[in-house]
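The values are calculated or read from the model by the stated rules, or taken from the named source; none is laboratory data. No experiment lies behind these values; they were computed from the predicted model shown. For neighbour counting, all protein chains shown are included, and Cβ atoms are generated from backbone atoms with ideal geometry for every residue, glycine included.
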Amino acid sequence: MKDARSIDDNLDMIERMDAFKETLSQAWDSGRYDFITLSIYLNDTASLEKLKAQKEQASCFATLVHEYIHFIQNFTTPQGFTSFITFVDLFAHFFVQNMGLAADPAIPTRGGIVDTSVGAKTYANFEKSLSLGLVRSLWDGKPLFNSTTRDNFTFVAGNVTDPYHEKTVFLSNLAYNDQLIPLNTLVIRENMAAISTFLASGLSREAAKERLLNWSPQYNIIYKFLDHYLPEKDCFKLTYFIAEISLFILPYNKTIHKLLLYVKDNNNELLSLDENGIIERIKALANFDQHFRPVLASAQALVDRRIETYLKHANGNEFYVFVITVLRTFQYGFSERLNNPFSYRGAFDIAFINHYASVIKSPIIIFPDNKKTMLGKVDPDYINAIANFSGILAIFRHTYSKTITQCPFAEEHSLCDIEKGDECYKDSLSVFGLEQYNGCLMSNALRIIGLKKEGRF
């Protein structure tokens, strides 16, 4: 019996596939989630109007899902909380040291006050810690992998130094096409998000697999490994589950190594099982059912203690007020996980986005024309808190890297631009040298950091 789809339907699907190929040729060119600014940046042909009108059919929808998965990883897993609070602590050291000074403090540039006063706990080492074993090109920021002569899918494991935490940790690499791909948390997160991209694209599994295999191994090495040892299985589903399990069971790098090595050593036996049976074997190996709730309860306790501590110091310290609001998002996220341990969907659609936006809120979504939106229903206090919180951390990161050339709040269509109009300073910015308009988010962020105090100008 022939497919009942019309010729027009088929043409629409072909056009959508072509658009998908053009706009998602490489994941890092299509979107980005920044956990410091709590923002999703959509590039290329993305627009707010198209997303509202076309929903899942919009060419940017699959990219939105990919980046939103990173937001979910951030706010619903212990690994996400650890990375997030580590950066907050790095900033807080500078903040606490300088908020009471009567004179201008040193700008926290690389090699400046932060590097000299906290030793190894610098922003540069923080970034290296997040992506152990992975080096990025100074020219274009793309990943550089170590070379190897090992056969494909050979494990090369050993201990490496985490420069931020100054301790030895386990790291496994997979050989592929004469390169060593580190199985760190960054690669785990990207492989999981890449699967969601294609399950939101509307492409057939065959077309999705073809596209996924053309991405950088940073995004697909776990899928390629599973597809090699478990052909004919739904390795989209298996990749997602194995990656998600690995973000809950400490130590994360050792967990992913253990699970993949098990697949390699027992692939003949696993081939006789369906995907759900394989996942149950994987969960048993990781002791997931025994560890999941205790690990999550421990993470929840850490969040609760942080909130309690910041509440004691929140009077007169706005930064702590903003941090508390953001930390409550972790409370919502962990509660959601206790009810629904896994976030996998056979098809990631608007219902998926709406569900998570209703329970853990939303990052800011920024389009190429600088229009901004948020998912779900959000309250003004939440918007104000994350705008100031993310702005403070963004300024800290910019000044550290010496890249701040204009106010990060002054983009076209931004809150400051709309409220202040021509009075807004859009161009070159001297962190110390400008009097700012009353109520300016930039001025407020500088004041909170300690880089701007009454009477200094």
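Couple of notes before you dig in:
- When we screen Phe145, Phe153 for residues that are of a type outside the set (A, V, I, L, M), surrounded by 12 or more Cβ atoms within 10 Å (Cβ to Cβ) and either in contact with a His (Cβ under 8 Å, 6 or more places away or on another chain) or under 19 Å from Asp227 (Cα atoms) (or both), the only hit is Phe153.
- Enumeration of residues in the range 250-271 that are under 23 Å from Leu132 (Cβ atoms), aliphatic (A, V, I, L, M) and modelled with pLDDT of 95 or more: Ile256, Leu259, Leu260, Leu261, Val263
- Meets criteria (out of contact with any helix residue (DSSP H, G or I) (no Cβ under 6 Å at 6 or more places or on another chain) and over 20 Å from Gly31 (Cβ atoms)) for Asp369: no
- Applying the criterion of being assigned to a helix (DSSP H, G or I) and either among the polar types (S, T, N, Q) or touching a Gly at 6+ places or on another chain (Cβ under 7 Å) (or both) to the residues of the range 206-232, the residue that is surrounded by the most Cβ atoms within 10 Å (Cβ to Cβ) is Asn220.
- The set of residues in the range 54-76 that are among the polar types (S, T, N, Q), in a helix (DSSP H, G or I) and either modelled with pLDDT under 90 or surrounded by fewer than 22 Cβ atoms within 10 Å (Cβ to Cβ) (or both) comprises Gln54, Gln57.
- Residues of the range 292-347 that are among the hydroxyl-bearing types (Ser, Thr, Tyr) and within 30 Å of Leu446 (Cβ to Cβ): Thr309, Tyr310, Tyr320, Thr325, Thr329.
- Between Asp274, Asp289, Asp304, the distinction of being surrounded by fewer than 18 Cβ atoms within 10 Å (Cβ to Cβ) and either within 23 Å of the chain's Cα centre (by Cα) or modelled with pLDDT under 95 (or both) belongs to Asp304 only.
- For the range 141-181, a residue qualifies if it is out of contact with any helix residue (DSSP H, G or I) (no Cβ under 8 Å at 6 or more places or on another chain) and among the hydrophobic types (A, V, I, L, M, F, W, C), and the qualifying residues are Leu144, Val156, Val160, Ala175, Leu180.
- For the range 122-131, the criterion of being modelled with pLDDT of 95 or more, not in a loop (DSSP other than H, G, I, E, B) and not aromatic (Phe, Trp, Tyr) is met by no residue.
- Any hit, the range 45-53, residues being at pLDDT below 80, buried (at least 19 other Cβ atoms within 10 Å of the Cβ) and not charged (D, E, K, R): no
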